[in-house]
Every structure is written in structure tokens, then in C-alpha cells.
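A short write-up of the structure that comes next.
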Amino acid sequence: MLVPFTKFNGAGNDFVLIDNRSLGLHLTSAQAIRLCDRQLGIGADGLLLVVPCPSESADVAWEFWQCDGDTASFCGNGSRCFVRFVQSLLGHTNPVTFETGAGIVSGALVAATSDIAVLLPPPTALSLHATVHLASGPHVVHSVNTGVTKKLRLHVVTTVASPHGANANFVQVLGPNHLRVRTFERGVEGETLACGSGVAAAALVAAIVHGFTSPVKIDVRSGATLGIQFATPTSSQDQSFTNVLLIGPAEATFSGTVEL
């Protein structure tokens, strides 16, 4: 059958989005891989389907496939694209709620900039010497002074990543509350132009290590700038960050139909 889709990008992190509320699609891993293939399919870092919310506690729910054919509970940049897409489907710019594998997430239009802001699920654990555990999975945060070499990337991923793999984020401090971040994502198995959860992890680590305060500005590989806002912990011993907002662009690139 011919299935309509829209291609989105969030700061260069790109996704295929499909409204599956009434199509009744039951995608396989192989189909997700083919759709995300940049030579044989549409090409994307991930695939997002809008589906009815089974609990009826949110506007809709999502089904998220990584380009390697695995599913994942959450994706920061993907969530912003999802909010923009759902707003177009529902015909409004009001806050959107959607159910994910990480729980119910909300997002809204920032009227002054036309960016999308998403309230991220709070991190479940933070270790300054290893990983930040966000809803999208573990994120290794490694500080660098200059560039990122392949040798350094492999060293970080193999020595401090979790047994099931991790996203590796390489961070440069550019100034007060200002970072540059490059991310090598699991599931993509390579560097992406941006990673929303990765910049959130970097900002939270910088808040503890460097005393960064909200908001934090992060430059990513695509040349875009993302923003992270958060509620500052009440003491130096408290690392329980809350109200973590990811703010940035989410743009529709093109629409079409694909045979499935």
C-alpha cells in the first residue's frame, strides 16, 4: 500500500514521520531499516509513527524505530519533530502530550522563535565518571579541548559505555553556560548532526562540574544551537535535576508517499 509520510529534521537529526492513527500499519524491523536507508529508502536517523494513545491519558502515542531496526523509548530531537507534526495533524499550536516508552511527554511551540520546547523525562541516574541515564538510554559525557579523533571515540565508548552500548558525547566549553557537543549515537552507530538527549546530558554534567546555570546554550555539528533549561538542584550533593526542557528547531523538509 502507498503510505504518506513527512520528512522532518531537528537541528540536522532527521526523521520520517507517519500518521498511523487509522492506517493500521504493523511495521517490522526490516521495514524500518529500509525506510531509514539513505540509498534504498527515504533516509533518516529514525522513524516515528503517530498512533492512538492506548491509555487515553495523552493526545496521542508514538512508536519510535531507530535506523538499525531496534525500537527505543525516547529521542530528544525526534520528540520536537513529533510535536510539530502532531500540531499540524490536530490543527493547533497548543501544547501536545504524547505517550512514549519513557512515559507521557509534553511539548509546545515557542511563539517568539517558532522553536519547539519539550519537557524531557528526568534523568534516572548521573555518574560524573561514567554516564548520564536519560530516557533515551545511557549517555557518556567526555570533555575535550580540541577535536574528536576516531581513537578517542573508540576509547570512550569501549571503556565507559554500558554493556549494551551508549551514546558518546564529546563536549567543549566555549564560555559561561555555552558548550559545543558532538554525539556518536548507538542505533545509528555513527555521528549524527545533533542529539537532543546528548546535549541535555552534557548540560547537566556541566552544571555540576563547571557550575553552569540554566539556560545552557549548545552548538551542535549541524551548525544549529539548542537550548537546555532545568531546575537547579538545591545543594551540591543533590543531583536530581527536574523540569529539563529541550528547546530547538523542528522543520518539515518534504512530504511524499512510500510503498509498504
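No value in this document is a laboratory result; all are computed from the given coordinates. The model shown is predicted, which means the values in this text are computed figures rather than measured ones. A quick note on method: Cβ atoms are made from the backbone with ideal geometry, for glycine too, and the neighbour counts reach across all protein chains shown.
The length gained on full extension between Ala30 and Leu90, counted as 0.36 nm times the residue separation minus their Cα-Cα distance, comes to 18.6 nm.
The overall shape of the stretch 1-53, judged from the alpha-carbon gyration tensor, is oblate: a/c is not under 1.5, and a/b is no greater than b/c. For the stretch 191-258, the equivalent ellipsoid derived from the alpha-carbon gyration tensor has semi-axes of 29, 12, 10 Å in decreasing order. By the count of neighbouring beta-carbon atoms within 10 Å, fewest first, Leu119, Leu25, Leu47 end up ordered Leu25, Leu119, Leu47. The stretch between Ser22 and Thr257, if pulled fully straight at 0.36 nm per residue, gains 83.0 nm over its current Cα-Cα span. Extending 7 Å from the Cα toward the beta-carbon at both Ser57 and Arg38 defines two label points whose distance is 3.9 nm.
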